[in-house]
Amino acid sequence: MRLSRYFLPILRETPKEAEIVSHRLMLRAGMIRQQSAGLYSWLPLGLRVLNKINRIVREEQDRSGAVEILMPTIQSADLWRESGRYDAYGKEMLRIKDRHDREMLYGPTNEEMVTDIFRSYVRSYKDLPLNLYHIQWKFRDEVRPRFGLMRGREFLMKDAYSFDLDQAGARHSYNKMFVAYLRTFARLGLKAIPMRADTGPIGGDLSHEFIILASTGESEVFCHKDYLDFDIPAADTDFDSREGLQEIIDRWTSLYAATSEMHDAAAFAAVAPEQQVSARGIEVGHIFYFGTKYSEPMGATVTGPDGVDRPVHMGSYGIGPSRLAAAIIEASHDENGIVWPEAVAPFDVAVLNLKAGDSGTDAACERIYHELTAAGRDVLYDDRDDRPGAKFATADLIGIPWQLVVGPKSLAEGKVELKRRAGGERETLSIEDAIQRLG
Ligand code: ATP
Ligand code: MG
Ligand code: MG
Ligand code: MG
């Protein structure tokens, strides 16, 4: 992508309305624009990050055996009356009437709808286990939308729903998602700790929130420090092995970790003081097992091997990709801007032409741009006629992991400068070596 032809509306001033660093940086870096309270447009740079997050989320859902679908954002109130949640859900639900005066709503979550899909097609235990997920916009009329995408009213959620014959099967499905979540957050460059959590309005009796520690987090959390260094399950983890997964989950739940709602001060006091972490955290994912809470009232039953019909055991599993875009910035920035982990960076490399219009510099940049692009890298080529200082500042602000600085001075010796955004290390090398290194 040539910056001269891109749409990157950088803000010079720090927006006053933004209280936390991720919100400030997303606005300044031209990633998002607020359209009204809690509603945002994704500008090109932001959308690239969101798409990269979604790709990782999707890969790990697929790896665990979940199957992707896509349900609508608008749902019928009748479906929610079947589960009894239409009245219970309260003011967070945006209620809408269509032209025929039918009551509709903008989905805050999809348990009812996916249960309806399930009951329409699945009859036998032989079709289980099943886990259906989608990545779709949700709307919750939050009392206090704030912190940009961290607490939006319209936000993206990956929500998965598992169906099993019995509780033991459902536990295995829960464990699969647990492992998928550990892998997903690690690949996003985050240290997310699973914490015992309250099940809230969704109900049920087994639930973990995945929390990343950050001073701006809205949750108060307590955990054992060792979780920060635990190994992440490998890509070749056998998701079909009940014992194997249970071992991983046992280890990941062996030490103290709880949100304030579930906090047990006495149990926490048993943790050695130097191992106690008492901090703020951001909820980036949440998994629940809730048994037959929806399948029973909604008549989602399957016939078991004994020929008897019974309601399926369900769980639901959410991740917030739009919140994650902000959470990653909270975890990874410095005074000059965002420092994207490579896996979610909007571009892999920024090529900075320090003398646009100079034929030698232009030619070297074009060559690098084409060769790296051909090698499959996402390259942002700053070909604008602008001061070097402005180009450095922009590249730092938008956080591209590698900057390749091309100017007439070093080119005279056949060299370019490579800077790593994260540590700031610089290195002078030949064009060939630079292409080799980054390609
Ligand atoms: P919170 O406690 O922050 O209000 P929640 O517990 O209501 O979140 P869940 O119903 O567990 O949220 O939804 C699953 C995931 O969706 C959350 O873990 C979070 O990542 C994301 N999410 C929820 N609400 C929002 C929001 N208002 N804006 C952005 N992401 C959200
Ligand atoms: Mg909420
Ligand atoms: Mg919560
Ligand atoms: Mg939650």
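None of the figures in this text is laboratory data; all of them are computed from the coordinates on show. Note that this is a predicted model, so its numbers are computed, not measured. Positions of Cβ are backbone-derived with ideal geometry, glycine not excepted, and every protein chain shown enters the neighbour counts.
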Between the range 230-267 and the range 73-132, the Cα center-to-center distance that results, in Å: 31 Å
Could you size up the charge dipole of the range 299-439 around its Cα centre, putting +1 on the beta carbon of Lys and Arg and -1 on that of Asp and Glu, and report it in debye to the nearest 20? 140 debye
For the range 152-305, what does the equivalent ellipsoid look like in terms of its semi-axes, each the square root of 5 times an eigenvalue of the Cα gyration tensor, given largest first in whole Å? 27, 19, 16
Which pairs in the list K97/K138; K158/K391; K225/K419; K391/K419; K52/K176; K52/K191 are over 25 Å apart, alpha-carbon to alpha-carbon? K158/K391; K225/K419
Using the Karplus equation 6.51 cos²θ - 1.76 cosθ + 1.60 (θ = phi - 60°), what ³J(HN,Hα) coupling, rounded to whole Hz, does each residue of the range 102-111 give in order, writing x for Gly and Pro? 7, 7, 10, 8, 8, x, x, 5, 10, 3
The Cα extents of the range 106-150 along the principal axes, largest first and rounded to whole Å, are 46, 15, 13
Over the Cα atoms of the range 223-376, each weighted equally, I'd like the Debye log10 I(q)/I(0) at q = 0.11, 0.14, 0.17, 0.18 Å⁻¹, rounded to two decimals. -0.81, -1.05, -1.26, -1.31
As a footprinting exposure proxy, order K419, K409 by other Cβ within 10 Å, with the fewest listed first. K409, K419
Note, H172: beta-carbon cut-off 13 Å, +1 each Lys/Arg, -1 each Asp/Glu, net -3
From the Cα trace of the chain, what convex hull volume per residue do you get, rounded to a whole Å³? 168 Å³
Would you work out the charge dipole size for the chain about its Cα centre, treating the Cβ of every Lys and Arg as +1 and the Cβ of every Asp and Glu as -1, and quote it to the nearest 20 debye? 1240 debye
Rounded to the nearest 0.05, what FRET efficiency is calculated for S359 and A77 with R0 set to 51 Å and r the Cβ-Cβ distance? 0.15
Could you tell me the relative contact order of the range 276-413? Use alpha-carbon pairs under 8 Å, at least six residues apart, and round to a whole percent. 24 percent
Ranked from highest to lowest mean number of other Cβ atoms within 10 Å per residue, what is the order of the peptides 143-154, 41-52? 143-154, 41-52
Any idea what the relative contact order of the chain is, in percent, if you count C-alpha pairs under 8 Å spaced at least 6 apart? 17 percent
